[in-house]
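Just below is one structure, and these are the notes that go with it.
The values are calculated or read from the model by the stated rules, or taken from the named source; none is laboratory data. Quick caveat: nothing in here was measured; it's all calculated off a predicted structure. No Cβ is skipped: glycine too gets one built from the backbone with ideal geometry, and neighbour counts run over all protein chains shown. In case anyone asks, the SASA skips ligands and DNA or RNA and just uses the protein heavy atoms, side chains included. Shrake-Rupley method; radii C 1.70, N 1.55, O 1.52, S 1.80 Å.
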Amino acid sequence: MIKRLTIVMYHYVRDVESTPYPGIKALPVKAFCGQLEYIRRFYTVVSGAELLEAIREESYTLPPNAALLTFDDGYADHFTTVLPILEEFGFTGVFSPVAKSILEGHVLDVNKIHFVLSATSDNVGRVVDTLFALLDHHRAEYGLESNESYYSRLAVASRFDPPEIIFIKRLLQRELPEPLRGRIVEELFHRYVTTDERSFAAELYMSLDQLRTMAVRGMTLASHSYDHYWLGTLPPHRQSEEIDRSLDFLRKLQPVDTGWIMCYPYGSYNESLLSTLREKNCLAGFTTEVDLVSPGGNPLLLPRLDTNDLPKAGEDEANEWTKKAMQ
Ligand SMILES: [Zn+2]
């Protein structure tokens, strides 16, 4: 049974200044270590296996102030940087790679957008202008709205991004119809980043061998779907296909028969997805809702904190989330 649990979500963990893409929003290595020290002071880190056990067994409870560390999207950073640091701390984590990026050398649209924004960070307006021109070009064919209408609806600042960036992300991650969305993201990636997607993917993501090593060293691997779509927007047969294909991939790396974890791309799900997951023996699901897991919560809808919600220095005082977890 799960009582209180704090799940923390990480993406890139790297020192971006020394990379060709200093504009990428990443957690610096020192801040990561500082946050782990902070977590060590206030929490007990549990593994993915312990989470699954707590969900399966009514009598098994997680320790007080339990924390679970989760790493999305299967970046090579997670093998080269995160794994050795976690081992130094004696911690484990749950890693959610996307099958297609690893099996097919495909750079996820979400990552293409990050690297386009990084490559153009001195002038994001340039990308907005390019996008407007591309929308003009495709407007009639796809029955698109006017540029002004998209902009006024989508350009709303978020917790972490200014309005232009949110506009670009929302338009390209969700708003435009497929296959136009993919074509435009591809075009921007080729124009501003590289035309050699396969090499870029090989550098950006873990390899199958590295993932195998992660599993052997006690890390838990979760499904993050096959294609990294907004699963909640797909018809049920496509949802089922996404899950089956990602499970075939996971099975090569670790056993899944006694239950497994789903990490929803973009936090997107709906009722039909949840029932498909139950049928296929998925026991836990990670959303992007920002909160602590409370007793009696639905295990398929576990909220998470972002790394930015917790302090990044070992000596920092307990913040509001930590105080809430300790109540
Ligand atoms: Zn993701």
Over the chain, relative contact order from alpha-carbon pairs under 8 Å, at least 6 apart, %:
25 percent
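Would you mind getting the Kirkwood hydrodynamic radius of region 219-309 from its Cα pairs, rounded to one decimal in Å?
Details: mean 1/r = 0.0747 Å⁻¹.
Over region 219-309, the inverse of the mean reciprocal pair distance is 13.4 Å.
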Size of charge dipole - the chain - debye, nearest 20, with Cβ of Lys, Arg +1 and Asp, Glu -1, no other charges
380 debye
Considering the options Val216, Leu52, Leu108, tell which one lies farthest towards the positive end of the dipole of the chain, charges being +1 on Lys and Arg and -1 on Asp and Glu at the Cβ, about the Cα centre.
Leu52
Between Lys280, Lys25, Lys252, find the one with the highest GNM mean-square fluctuation for the chain; connect C-alpha pairs within less than 10 Å.
Lys252
Amide H to amide H under 5 Å from Ile7: which residues, 5+ apart in sequence or cross-chain, H placed 1.01 Å off N in plane?
Leu68, Val293, Leu305
Rounded to the nearest 500 deg cm²/dmol, what is the calculated helix-only ellipticity per residue at 222 nm for the chain, with -39500 (n - 2.57) per DSSP H run of length n ≥ 4?
-13000 deg cm²/dmol
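Give me the percent of DSSP beta bridges within the chain that run antiparallel, rounded to the nearest 5.
Roughly 10 percent of the beta bridges in the chain run antiparallel, per DSSP.
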Computed from the mean reciprocal separation of all distinct C-alpha pairs, what Kirkwood hydrodynamic radius does region 28-108 have, in Å?
14.2 Å
Carbon/sulfur fraction of accessible area - region 198-327, other protein chains in place, 1.4 Å, %:
48 percent
Can you quote the Å³ per residue value for the convex hull of the Cα atoms in region 116-228, rounded to an integer?
143 Å³
Computed for region 1-137: size of charge dipole around the Cα centre, +1 on C-beta of each Lys and Arg, -1 on C-beta of each Asp and Glu, debye to nearest 20, value 300 debye
Against the longest alpha carbon principal axis of the chain, how many degrees, from 0 to 90 and to the nearest 10, is the axis of helix 180-192 turned?
80 degrees
Once neighbouring chains are kept in place and the probe is 1.4 Å, which whole percent of the accessible area of region 129-187 is contributed by carbon and sulfur?
53 percent
Would you mind checking which residues have amide H under 5 Å from Phe95's amide H? H placed 1.01 Å from N; only 5 or more apart, or other chain.
Phe71, Thr220, Leu221, Ala222
By the gyration tensor of its Cα atoms, with a ≥ b ≥ c the square roots of the eigenvalues, what is the shape of region 183-254: rounded for a/c under 1.5, prolate for a/b over b/c, or oblate?
oblate
Would you compute the Debye intensity of region 287-327 from its alpha-carbon atoms alone, equal scatterers and no solvent, and pass along log10 I(q)/I(0) at q = 0.24, 0.29 Å⁻¹ to two decimals?
-0.87, -1.06
Asn123/Glu58 FRET efficiency (R0 56 Å; Cβ-Cβ; nearest 0.05):
0.50
Per principal axis, largest first, the Cα atoms of the chain extend in Å by 60, 45, 37
Quick calc, region 246-314, dipole around Cα centre from Cβ unit charges on Lys, Arg (+) and Asp, Glu (-), nearest 20 debye, gives 240 debye
